[in-house]
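What follows is a short report on a single structure.
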Amino acid sequence: MAVIINEALLKKAEELKRPLKKHIVYPEKTVKIINDKNAFQELRAIADKKISFPVTLSAGDEIIFDFNDHIVGYVSFSLDNDGLVKITDSPVKLQFSFGEFPLEITASPEEYKGGLGKGWLQNEERSYVFTPCEGSLERRYSFRYLRIKRTDNAAFPIKLSSLKVCTVSAVDIKDAPVLKTDDEILKKIYDMSIKTLKECEQDVFEDGPKRDRRLWIGDLKLQAMSDYGIFGNLTLIKRCIYLFAGATGKHKMIAPCIFPDSPPFVDEWTFCDYSLFFISCLYDFYKNTGDISLIEELFDTAYRQMEAVSEKIDKNTGIINLHPFIDWCPDLDKKTAILGVYIYTLKQLKELGELLGKDNKKTEAEINTASKLLLSFYDEKTGLFTTPSGQISEHSQVWAVLSGVLRDEQAATLCAKIKDIKTPFTMRTPYMMHYYIEALYTSGLKNEALEFIKNYWGKIADAGFDCCPEIFNPENEFESPYNAPEINSACHAWSCTPAYWLPKLLGE
Ligand code: RAM
């Protein structure tokens, strides 16, 4: 495999690893999950009983514990027998199912047909041969609800005499600034966003603590951007930048994601927009810290990302022959949007080059060529960007605005009408919506940006989430990029950017 490892950089990343902060939490109540047409995904968790340990479990019994908030951590518990009735003369089997949201608890793993590995479903079964005993699960789980079901058939009761979770995160929520506003909806959105950021901050900035539990650079860019003003975890940001620079894929392109604990750390495939975002990570690091040394050290790696993409641009058609991510919108023609990403990141590279006194000729030439190519997809009549296949998507408009190729008034006019375009190719992820908000913001449409956050993330809050989910479509609550809504992640880093936008928009 063509993975290029730079041991020195990986060593630096390792040295920046810090112990996680731990807290012990207990379930607050038990719940029942009922069908309710008016609830998100038609399921509602309703309070059942206040908990008093020990909880007796006979064969076939099940109980759903509610921890009252989203948590990430390790479960442990004590089991005992009821010696007065009968000791445990055969093994007890317990099935554990963890859920960030009710559907995850009710969906049957046997019927799972999703495109991602079933192993991500958060459940397992264990045997306990003798009691009393102490039990624990070594896998870290991300959840609010925990169902424990007794699956053996022995005729004796057992007692669950304690149950707790040791939560982990690199940061503490109490260190986040409080948002200054009287608007309850914005407060709630902000709290969900900083909670999401906190839950995803582990040994690396994970995309989601339930899944995929790894460092993706598209997510890192947004996490770091938000984190500078919230937890200021510069050590972790730097560690993650080193990890990306330390294990690159084919052609020295930055990998889309890193498995920090599974050498050789990266797979060979790439998303070219994600590779280019390495430049943005460095750029934002400098802008937020004023520290030039990291930029000096890693500038060549950033520069290489431009070269790798430049080698694949057809200078006649404007087509970049590499795969970008852009968004989870089916059948999206990404060719115009990726040109926008290219220009957006190259302008940052140019600024970093100027700062270091580098020769910027190639960067400037690339920006000029790509800008002309992008503008060739602008239709003066409609005032919209199209793609080589003639597709009109929201994504093309957003990235064209962010590339800065339009005059200010043109960009503001385009931005103001993005949501009115009649097209099936709409933004699907809060990740892409972040860039829409950025486009509104840079075009001076700040009230529109705030309204959009309040409306979209407000609906997420109304649906009952504790954190910000990976994907949320108010028109289709079962939407899933993996054809299985139960595998969706309900606490996902790339959705946390109101933590960045709200202080900024309300502070101005
Ligand atoms: C998913 C993850 C991750 C994202 C990639 C592109 O697997 O949700 O957050 O960056 O897709």
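Every number in this text was worked out from the coordinates using simple rules, so none of it is lab data. Note that the coordinates shown come from a computational prediction; the quantities given were computed from them, not determined experimentally. Cβ coordinates were reconstructed from backbone atoms using ideal geometry, including for glycine residues, and neighbour counts include every protein chain displayed.
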What are the residues whose amide H is under 5 Å from the amide H of THR88, where those residues sit 5 or more places off or on another chain and H is modelled from the backbone?
-> THR131
Give me the angle, in degrees from 0 to 90, between the Cα long axis of helix 335-355 and the longest principal axis of the Cα atoms of the chain, rounded to the nearest 10.
-> 80 degrees
Which of the trypsin sites (Lys or Arg not before Pro) across the stretch 33-133 are loop residues per DSSP, with 15 or fewer other Cβ within 10 Å?
-> LYS37, LYS113
Before rounding to the nearest 500, sum -39500 (n - 2.57) across all DSSP H runs of length at least 4 in the chain and divide by the residue total; then give [θ] at 222 nm in deg cm²/dmol.
-> -12000 deg cm²/dmol
Where labels lie 7 Å past Cα in the beta-carbon direction, separation of ASP175 and ARG407 in nm | 4.9 nm
Given pairs LYS334/LYS372; LYS250/LYS312; LYS210/LYS252; LYS21/LYS210; LYS187/LYS504; LYS334/LYS422 and cut-off 20 Å on Cα-Cα distance, the over-length ones are LYS210/LYS252
Scan around LYS21 for amide H atoms under 5 Å from its own, H built in the peptide plane at 1.01 Å from N, and keep only partners 5 or more places away or cross-chain.
-> SER169, ALA170, VAL171
Can you list which of the GluC sites (Glu not before Pro) found in the stretch 114-214 are DSSP loop residues with at most 13 other C-beta atoms within 10 Å?
-> GLU138
In order over the stretch 155-163: 3J(HN,Hα) from phi, Karplus 6.51/-1.76/1.60, θ = phi - 60°, whole Hz, x for each Gly or Pro, gives 8, 10, x, 10, 10, 8, 8, 7, 8
Do any cysteines in the chain lack another Cys Cβ under 4.7 Å, and if so which?
-> CYS133, CYS166, CYS200, CYS240, CYS257, CYS272, CYS281, CYS329, CYS415, CYS468, CYS496
Using the charge dipole of the stretch 223-290 (Lys, Arg: +1 at Cβ; Asp, Glu: -1 at Cβ; taken about the Cα centre), state which of SER226, THR248, ASN288 has its Cα farthest towards the positive end.
-> ASN288
With a 10 Å radius around each residue's Cβ, average the other Cβ atoms per peptide and rank 51-60, 425-434, 165-174, highest first.
-> 425-434, 165-174, 51-60
Each label point is 7 Å from the Cα along the Cα-to-Cβ direction; what then is the distance between the points at TYR74 and LYS422, in nm?
-> 5.8 nm
Per-residue HN-Hα couplings for the stretch 234-251, Karplus 6.51 cos²θ - 1.76 cosθ + 1.60 at θ = phi - 60°, whole Hz, x for Gly and Pro?
-> 5, 4, 6, 4, 4, 4, 5, 5, 4, 4, 5, 6, x, 9, 9, x, 3, 6
Restricting the stretch 262-299 to chymotrypsin sites (Phe, Trp or Tyr not before Pro) in coil, as DSSP defines it, with at most 14 other Cβ within 10 Å | TRP269
Hey, can you grab everything whose amide H is under 5 Å from the amide H of LEU384? Only 5+ residues off in sequence or another chain; H modelled, so Pro and N-termini drop out.
-> ASP379
In degrees from 0 to 90, rounded to the nearest 10, what is the angle of the helix 217-230 Cα long axis to the longest principal axis of the chain?
-> 80 degrees
HN-Hα J couplings of the stretch 50-57 from phi, Karplus 6.51/-1.76/1.60, θ = phi - 60°, integer Hz, Gly and Pro as x?
-> 6, 8, 9, 7, x, 9, 8, 10
If R0 = 45 Å, then ASN316 and LYS446, at their Cβ-Cβ distance, give a FRET efficiency to the nearest 0.05 of 0.70
With the charge dipole of the stretch 334-433 built from beta-carbon charges (+1 for Lys and Arg, -1 for Asp and Glu) about the Cα centre, the Cα from SER389, ALA416, LEU375 projecting farthest to the positive end belongs to SER389
Contour minus Cα-Cα distance for GLU42 and GLU380 (0.36 nm per residue) | 117.1 nm
Sum of side-chain charges, TYR74 neighbourhood, beta-carbon under 11 Å (Lys, Arg +1; Asp, Glu -1) = +3
With Cα atoms, 0 to 90° folded angle of helix 394-403 axis to the chain main axis | 60 degrees
